[in-house]
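The values are calculated or read from the model by the stated rules, or taken from the named source; none is laboratory data. Note that the structure is predicted; figures quoted are calculated from it, not measured. Don't worry about glycine lacking a Cβ; one is built from the backbone with ideal geometry, like all the others, and counts go over all protein chains shown.
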Amino acid sequence: MNLRMVRPPTEAEVTLLWAAARLRSDPDEVAGATHDADVPYVLEAAERQRVAPLVLRSLGEAGLEVDPASDAVRRARLWEAHAHLALPAAAAATLEPLNAAGLKPLVLKGLALVERYPALGLRPMDDIDVLLPRPLAHTAIRVLRRSGWHRAVHRGVDPGYDLIFRHDDVPGVPLELHYELARWQERPKGLDARRLWAGRIPIEVLGRPAWGLRPELELLTLIAHAAKRFHLFNRLLWAVDFTVVASTPTFDWDAFARLARGAHCRIAAAVGLRLARRLGADVPDDVLTLPPILARAGAVDTLLDPARPFSVRAVRQRRIAYVLIDDAAGKLRLAAGDLMRPPSGQPRSKVAGLIVRTLNRSASRLARAGLGRSGARPGA
């Protein structure tokens, strides 16, 4: 860990990161923020948040020269080469055999977004993700193996909702074959594999026919992924993704609000879209509103702190994962999952005690907040 990242950022450095991570930055705003900012320090944060290619592009447009031999520039060039060479090859190796078998794979996350960024290479990707419902996944495994993909193991704990594959012809680009997007205890209502599959639409990805989601459902799916307990919006790149999808010319905010309400994801949506608005997304106020009692309690302030991307530690507060779920049934489902499969192998008794303390603290905090009078300001 670079010790430069230990100190808190200055106001200018926070401003620079958020201004330069935009899809379309303001050169004057970026140039002004650089005067009082340690630019290499900002680039370190940008790299960890996967937005360094965007930040370097904005700095260049603002007329600021960055050492071409720096780590940030070198890695940005690698991401560009990766996007032009490795990703198309991996997409072809995945989509062609699956399409030929009539499986019509649903592409997810980065693979569905990469060409909607202003240029290839601006959206770093560690892997590619496709989804097929569990009954079709068994057929997909056979198809992929015949076409040169071979099974690999997860780094760390198997999440239990996808399979990893690697291909000798596209080293460095693993394939995640999802049969769900999340474990049952973290899966919002209406965002299971079968329902996403039913809502897919034909698209093209890197010159190959594929299937995607209409933008309103795609945005909610991305937000739900970022809101999962082990993510908690801890990557700035995801907020840029929200901005990309929200900027779709035909985007229907009323339809999105209905989807978020039906999936009990209104709190998570408000958090994710507040971050997207900070990056320039044109988001209506009504989808940014947090429940007043929740806002007064400051329950999600950590997630919305503009300086958070500079932190070297991801937020791991289990309490926040419960707060991001709208309904009591969803909170109980998450608690049941924690008890059935304790995180990090902890004893169930310890996890149960932690859940009780978390819920008691949250209830007490919300009760105290209920005595206040002010509500939440959209976009605050």
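Structure above, values below:
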read-out: Test for V107: is it under 16 Å from E176 (Cα atoms), crowded, with 18+ Cβ neighbours inside 10 Å and not polar (S, T, N, Q); value: yes
read-out: Check on F256, part of a helix (DSSP H, G or I), among the aromatic types (F, W, Y) and not assigned by TED's automatic domain parsing to the domain that holds R183; value: yes
read-out: Condition check for L177: in a strand (DSSP E or B) and crowded, with 20+ Cβ neighbours inside 10 Å; value: yes
read-out: Criterion: within 14 Å of G110 (Cα to Cα), outside the structural domain of L95 (by TED's automatic domain parsing) and outside any strand (DSSP E or B) - qualifying residue of L222, L232; value: L222
read-out: Residue match in the range 288-302 (condition: more than 30 Å from L120 (Cα to Cα), at pLDDT 95 or above, of a type in the set (D, E, K, R) and not in a loop (DSSP other than H, G, I, E, B)); value: no
read-out: Among (1) at pLDDT 95 or above; (2) over 19 Å from A239 (Cβ atoms), the one test that H82 misses; value: (1)
read-out: Which numbered condition P135 misses (of (1) assigned to a helix (DSSP H, G or I); (2) modelled with pLDDT under 95; (3) under 23 Å from the mean Cα position of the chain (by Cα)); value: (3)
read-out: Hits in the range 78-129 (condition: in a helix (DSSP H, G or I) and of a type in the set (K, R)); value: K109, R116
read-out: Those residues of the range 194-213 which are in contact with a Lys or Arg (Cβ under 7 Å, 6 or more places away or on another chain) and either surrounded by fewer than 16 Cβ atoms within 10 Å (Cβ to Cβ) or not in a loop (DSSP other than H, G, I, E, B) (or both), in sequence order; value: I201, W211, G212, L213
read-out: For L59: the one exception among (1) aliphatic (A, V, I, L, M); (2) more than 21 Å from R313 (Cβ to Cβ); (3) in the same structural domain as P9 (by TED's automatic domain parsing); (4) touching a residue at least 60 places away in the same chain (Cβ under 8 Å); value: (4)
read-out: Output for the range 158-170, where each listed residue is more than 15 Å from I141 (Cβ to Cβ) and either touching a residue at least 24 places away in the same chain (Cβ under 8 Å) or aliphatic (A, V, I, L, M) (or both); value: P159, D169, V170
